[in-house]
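> What follows is a structure written as structure tokens; I'll ask about it next.
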Amino acid sequence: MSSSTSQIPNTGEATSADPPAEERPAGRFGWPRRHRRWVFAFVVVALLAEMAIAMVTTAVEQTPTIDEPVYVGTAAVYLREHSVRYNPEHPPLGKLIIATGLAFADVRLDPAFAGNQSQLGQHVLYESGNDARRLMLLARLPVIVLTLLFGLVVLAFASDLAGPAGGLAALALYAFSPDVITNGSLATLDVPTAGFLLTSVWLLWRARRRPVRYLPLAGLALGAAIATKMSALAAVPVLMLLVVLSVWHARRTPDLDARRTARVLGLGVAAAVGVALVAVAVVWAAYLAVDPGLRWASPPDLPALHGLRALVDWLPFPESYRYGMRVQFGFEDRLWGGFLFGRQYVGSLWYYLPAALLVKTPLGTLVLWLAGAVAMVSVRRLRPAAPYLLVPTAVLLVAAMTGSRDLGVRYAIFVPMFMAVAAGGVVAVRRRWARVAVAALVVLTAVSSLWTFPYYLPYSNEAFGGPAKTHLRLHDSNVDWGQDLGRLADRLRERYPDERVWLVYKGAGLPSYYGIEAHDPLVQPPDRVHGLLVVSDSAIAKADDRLRALLDGSTPIDEVGHSITIYRRR
């Protein structure tokens, strides 16, 4: 089967030459083809509904994670003051998406506020008379909707490669992914960036047959990714090569000679330039949407950039975008701490992200990812798609692995999204056992995901003890990102009323807002700390000598959301 015909899934739709549905042969299981279409639609709706319920429940129950108040506060400034002065290290599109939710609330913001971006988030949520719970839900809902739409991209991409069965398998892995559910239910930028990149790659795949239609759309999606998070820039060279590859496939003929080959390659390069220009235009449009006047003044006496970093000054983006890249370079130059498999360390480990993905991905999904990668390079029907799925995933993962911040699998959230599509290709293997094995592994993934509901953020698979044990192996946004302050308030009120509470909380929430009256144990001698000692698990993972002394003299009696431990001190 040729690569061009392999893109057309057998959807069972009627053509002008087909007999009426009643007269056509029955499909599998004896169902007429029209019934198979209804079953397909029902399964798609059911999977997306399950995912929506999981994400909305999570969004309602979780208090702000560490990054969210900054994005919410910045989005409020976009709406009220049309200024990009806050959070320049991230382009504005993702926060504009968050702002579409905030537009349904009358967000109060003091125009005289002059604090930094972290203080801005606290000010908007807790100090301006706003309802923090309502604001957070409204900020998260647009990202939830976008995450569901990206599920349709996963479905369509995998269906293009392996037919409806492959599309459903891919969508199921996506919809039950604890990491996608976690990050798709937060007002953050990771899932939007990865989803826009996946959409761009899918459109480039379709451009192999209709380049004029799909290449401009691929440029729009790529621009949306770059306008959401700067880490998407790592994918640009790969996607430009994919543009050339798609044009080559679309324009090649059996009688290509050297001259015609050069002409087709030249056309591909010209198309890549066009896609890049569209992407650049999207970035400029995002900044202009916030501030049509592009009011920005970089601080004076900025340090000079050297090596490849010096290319930043030549990028065709707004000045505030280029300044934001300097801020990111500053983050990368800092010395961060990490925690992996019970060991605290300073710096970064190149294998941190693969190890974290191994812990936090359902076992059935891991097997299907591996099988999907093998199928992509070994099955003739799927082989043309390997550069579109495996190469961007590998390049983005290597780029993320070279970073200095070992803070969570959210930096590699593109992996479960891209690899879900690759895993759907396993159903194209012409073996009787293939579809049965895929179905069994999808069910295994679904059971593992449903079992952790609604605690998706601290998820780890059964081989590593499940979500209750994640804090023993990972920290920060893998397990404890400040999301359970509201649940802690409920637990203290229900089980430990009127007890003295000492709190070590790692997060961006304000304990008193949720009714938690607590004291700081780190400013008192250990022998004066008595009652309940409540500690975020990320703080435990990286405990200094003072906190370790408190923990050594305490007895664990309870836990909240698999991210906070409650101790008793006599």
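> So what's the angle, to the nearest 10 degrees on a 0 to 90 scale, between helix 190-206 and the longest Cα principal axis of the chain?
Roughly 0 degrees, rounded to the nearest 10.
> Please compute the Kirkwood hydrodynamic radius over segment 262-397, one decimal place, Å, based on all pairs of different Cα atoms.
Here the Kirkwood hydrodynamic radius works out to 19.8 Å.
> Now for a different question. Calculate how many DSSP beta bridges within the chain are antiparallel, expressed in % of all such bridges and rounded to the nearest 5.
75 percent
> P(r) for segment 149-291: what percent of alpha-carbon pairs falls in each 10 Å bin, starting at zero?
P(r) over segment 149-291, rounded to whole percents: 12, 35, 33, 16, 4, 0.
> Let me ask another. Kirkwood Rh, Cα Rg: Rg to Rh for segment 68-116?
Here the Rg-to-Rh quotient is 0.92.
> Still on this model: In what sequence, highest mean first, do 333-341, 173-181 appear when ranked by Cβ atoms within 10 angstrom?
173-181, 333-341
> What percent of all Cα-Cα pairs in segment 194-246 falls in each 5 Å bin, counting up from 0?
Percent of Cα pairs in each bin: 5, 26, 35, 22, 10, 3, 0.
> Further question: Could you work out the per residue convex hull volume over the alpha carbons of segment 38-157, in cubic angstrom?
Each residue corresponds to 111 Å³ of Cα convex hull volume.
> Related question: Loop-only check: which trypsin sites (Lys or Arg not before Pro) in segment 388-494 are DSSP coil with at most 13 other Cβ within 10 angstrom?
R430, R431
> Turning to a different aspect of this structure: Restricting attention to segment 360-402, which trypsin sites (Lys or Arg not before Pro) occupy a DSSP loop and are surrounded by at most 11 other Cβ atoms within 10 Å?
In loop regions of segment 360-402 (DSSP not H, G, I, E or B), the sparsely surrounded trypsin sites (Lys or Arg not before Pro) are R380.
> Same structure, new question: With contacts defined as alpha carbon pairs under 8 Å and 6 or more residues apart, what's the relative contact order of the chain in percent?
Answer for the chain is 17 percent.
> Provide the per-residue ³J(HN,Hα) series for segment 341-353, in order, calculated from phi with Karplus coefficients 6.51, -1.76, 1.60 and θ = phi - 60°, each as a whole number of Hz, with x at glycine and proline positions.
6, x, 10, 8, 8, 10, x, 9, 10, 5, 9, 4, 5
> I'd like the trypsin sites (Lys or Arg not before Pro) in segment 255-305 restricted to DSSP loop residues with at most 13 other Cβ atoms within 10 Å, sorted by number.
Here the trypsin sites (Lys or Arg not before Pro) that fit, given the DSSP loop and packing criteria, are R295.
> Skip the ligands, DNA and RNA, and give the accessible area per residue of the chain with a 1.4 Å probe, whole Å².
43 Å²
> I've got another one for you. Any idea how far the Cα center of segment 405-432 sits from the one of segment 520-567, in Å?
A separation of 38 Å, based on Cα centres.
> Leaving ligands, DNA and RNA out of it, report the carbon-plus-sulfur percent of the accessible area of segment 250-291 at a 1.4 Å probe.
The value for segment 250-291 is 66 percent carbon and sulfur by accessible area.
> Do me a favour and compute the ellipsoid semi-axes for segment 438-530 from its Cα gyration tensor, root of five times each eigenvalue, largest one first, whole Å.
After scaling each eigenvalue by five and taking roots: 33, 15, 11 Å.
> How large is the convex hull of the C-alpha atoms of the chain per residue, in Å³?
Dividing the Cα hull volume of the chain by its residues yields 180 Å³.
> Right, next: What would the Debye equation give as log₁₀ I(q)/I(0) for segment 474-570 at q = 0.18 Å⁻¹, counting only Cα atoms as equal point scatterers?
-0.77
> For K469, go through the lysines and keep the ones whose alpha-carbon is under 29 Å away, minus same-chain ones fewer than eight residues off.
By straight Cα distance, K469 reaches K360, K506, K542.
> Counting Lys and Arg as +1 and Asp and Glu as -1, what is the net charge of the other residues whose Cβ lies under 13 Å from the Cβ of L302?
0
> Using the Cα atoms of segment 102-155 to build a convex hull, what is its mean projected area in square nanometres?
4.7 nm²
> When the Karplus curve 6.51 cos²θ - 1.76 cosθ + 1.60 is applied with θ = phi - 60°, which whole-Hz ³J(HN,Hα) does each residue of segment 537-547 get, with x for Gly and Pro?
Ordered by residue, 3J(HN,Hα) equals 5, 5, 5, 5, 4, 10, 5, 8, 4, 5, 5 Hz.
> Average the reciprocal distances over every distinct pair of alpha-carbons in segment 108-210, invert the result, and give the Kirkwood radius in Å.
After inverting the pairwise mean of 1/r, the radius is 15.9 Å.
> With a 1.4 Å probe and all protein chains kept in place, how do E81, E559, E494 rank by accessible area, largest first?
Sorted by accessible area, descending: E494, E559, E81.
> Here is a follow-up. Whole percent per 5 Å bin, from 0 to the bin with the longest distance: what is P(r) over all C-alpha pairs of segment 383-446?
Reading upward from the zero bin: 3, 15, 20, 18, 17, 14, 8, 3, 1, 0.
> Now, a different point. Sequence-distant or interchain residues sharing an amide H contact under 5 Å with Y567, placed H: which?
L533, V534, V535, I557
> Using C-alpha positions alone, give me the convex hull volume of segment 337-472 per residue in cubic angstrom.
96 Å³
The values are calculated or read from the model by the stated rules, or taken from the named source; none is laboratory data. Quantities reported herein were computed from a predicted structural model and do not represent experimental measurements. Reconstructed Cβ throughout: ideal geometry from the backbone, glycine too, with neighbour counts over all protein chains shown. The accessibility values were calculated without ligands, DNA or RNA, using every heavy atom of the protein model including side chains. Shrake-Rupley method; radii C 1.70, N 1.55, O 1.52, S 1.80 Å.
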